[in-house]
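The values are calculated or read from the model by the stated rules, or taken from the named source; none is laboratory data. On a predicted model such as this, the values are computed, not experimentally measured, just so you know. When we count neighbours, we look across all protein chains shown, and the Cβ atoms used for this are built from the backbone with ideal geometry, even at glycine.
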Amino acid sequence: MPLREGRLLRQEEGLLPRANTVQMDLFLEEVSKDCKDCFVIILEDGAGWHKSGRLKVPESIKLVYQPSRIPKLNPVERLWKELRENYLPNMAFGSLDAVKKALIDGLRQPCDNPERTRSMTNFEYLSVTL
């Protein structure tokens, strides 16, 4: 099911300015709102702000941590590769705003094409029963 056009996907607010616990809280809150009719499982890589004891994880979200130092097991790496190759390939941008626009346009694609996203990120080990 594609995400609705929520705050996280709008051009003016699509990128969080930092990677820390406060920003992760904002992200989880927005995912919870955007996916209010779903139970969301998010695979995390174990960065400090993903595991902070101060992190506020909504009840509708489950964080699952992958083993450290194994990026090839992280499905988002395939999405980042797609983004680099198709939306930011060897390009010079005239401004930071142009970079942000290209990045957000690329980040919308997984939501607009869930079947393609699933085909790139469907690792067998992710088939779990909660």
Go through segment 94-105 and give me each residue that's surrounded by 13 or more Cβ atoms within 10 Å (Cβ to Cβ) and free of Cβ contacts under 8 Å to residues at least 24 places away in the same chain.
-> VAL99, ALA102, ASP105
Just give me the residues in segment 22-40 being at pLDDT 85 or above and either in contact with a Gly (Cβ under 8 Å, 6 or more places away or on another chain) or part of a strand (DSSP E or B) (or both), in sequence order.
-> GLU30, LYS33, VAL40
Pairs only if they're at least six apart or on different chains, beta carbon under 6 angstrom, first in segment 64-75 and over 12 Å from ALA47 (Cα atoms) and modelled with pLDDT under 75, second of a type in the set (D, E, K, R) and part of a strand (DSSP E or B); list them, first residue then second.
-> none
So which residues in segment 81-130 are within 17 Å of the chain's Cα centre (by Cα), of a type in the set (Ser, Thr, Tyr) and not in a loop (DSSP other than H, G, I, E, B)?
-> THR117, SER119, THR121
Determine if segment 82-90 includes at least one residue that is surrounded by 15 or more Cβ atoms within 10 Å (Cβ to Cβ) and aromatic (Phe, Trp, Tyr).
-> yes
